[in-house]
Amino acid sequence: MATLPNPLPRLAELGLHLPPGALVDGLLWLADGQAAPGEWTALRRKAPRVGLLPVVVEAGSRPGGPGLWELEPARMSYPGDHDAEEVLEEFWDAHTDEEWPGLAEAPQGAGAEPEAVAADVVESLLDGAAAGGPLKDPRLALVPARRSADIPAAIGWMGPANHENDTARLSAVLRSWEDRFGIRVVAFGFDTLLVSVAAPPTTLAEAQALAAEHYAFCPDTVGQGADPTLAAYAERRLLGRTAWHFWWD
């Protein structure tokens, strides 16, 4: 993948006032301890100015944390080299005989401010973790990227490897969702991804159109989840929802 200058080697000089942590293979900085409410939001105000984006890593989703996960940036192409609809149509055709319905249109009307929604989603996530919620060891991380959609490709994340091993193709879809729905990549685990959504579908028709994209992007979320049909998934997981969760088997 084509990369921007990596500021991580100069992290101590950047004035970010980070908690104790360490670099993971030179690809990201990872805090030593569990993220506290407020830390992500504070870092989000400062880190982008030096070419870094904060993200929550569920370090306990696989023993050993990211240091023992497969992170392979050399295998990734560049997200901007891929067309999101072509990627989704290819995935769709591989999993169903139905005709690809095309990309969903952006919801009508202006959505909320994406960064504000991302902060709300992350703070809710960390509040829940602090209260003993299901998130396993959420830690603050910094990734060299200019837009959140590129975070998975930038670190060579292999969580979706059983579906697609060039994560840049998925980042191309995430870029499209940034543009249409105001999403931000806010958290990931070994094989899970969470994005905030500033402009979610507001009608059932909009949600059903988007459900086809989600199925192509991550079939396991629909096919093996609690919502066995696209219609059920659209109504329960997409309509008005400000966070989308994906899991690859």
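Please calculate the 1.4 Å probe accessible area of GLU98, with all protein chains present, and give it to the nearest 10 Å².
About 120 Å², ignoring ligands and nucleic acids.
For the chain, find the longest principal axis of its Cα atoms and tell me its angle to the long axis of helix 114-130, 0 to 90°, nearest 10.
70
For GLU72, what accessible area in Å² do you get when you roll a 1.4 Å probe over the heavy atoms of the protein chains, rounding to the nearest 10?
Looks like 60 Å² after rounding.
Given a 1.4 angstrom probe, I'd like the percentage of the accessible area of the range 1-91 that is carbon and sulfur, rounded to a whole number.
Carbon and sulfur together cover 50 percent of it.
If each residue of separation counts as 0.36 nm, what is the full-extension length gain between VAL50 and ASN162 once their alpha-carbon separation is subtracted?
Working it through step by step, the gained length comes to 36.9 nm.
Just to confirm the number: angle between the C-alpha axis of helix 84-95 and the first principal axis of the chain, 0 to 90 degrees, nearest 10?
60
Please give, to one decimal in nm, the separation of the simple spin-label points placed at ALA42 and ASP127, each 7 Å out from Cα toward the Cβ.
Output for this residue pair reads 1.8 nm.
With the crude spin-label approximation of a point 7 Å out along Cα→Cβ, what separation in nm comes out for ASP97 versus ASP179?
Placing both labels 7 Å along Cα→Cβ, they lie 3.4 nm apart.
Could you work out which residue, out of LEU193, LEU14, LEU28, moves most in a Gaussian network model of the chain, that is, has the largest mean-square fluctuation with Cα springs under 10 Å?
In this elastic network of the chain, the residue with the biggest mean-square fluctuation among LEU193, LEU14, LEU28 is LEU14.
Rounded to the nearest 500, what is the chain's calculated 222 nm mean residue ellipticity when only DSSP H runs of at least 4 contribute -39500 (n - 2.57) each, over all residues?
So the calculated ellipticity at 222 nm is -9500 deg cm²/dmol.
Tell me the carbon and sulfur percent of the accessible area for the range 108-245, rounded to whole percent, probe radius 1.4 Å.
For the range 108-245, the apolar C and S fraction of the accessible surface comes to 51 percent.
So how do 166-172, 137-143 stack up, highest first, on mean other-Cβ count within 10 Å?
Peptide ranking by packing, descending: 166-172, 137-143.
The values are calculated or read from the model by the stated rules, or taken from the named source; none is laboratory data. Just so it is clear, the model here is predicted, and its values are computed rather than measured. We place every Cβ from the backbone using ideal geometry, glycine too, and count neighbours over all the protein chains shown. With ligands, DNA and RNA removed, areas are computed over all heavy atoms of the protein, side chains included. Shrake-Rupley method; radii C 1.70, N 1.55, O 1.52, S 1.80 Å.
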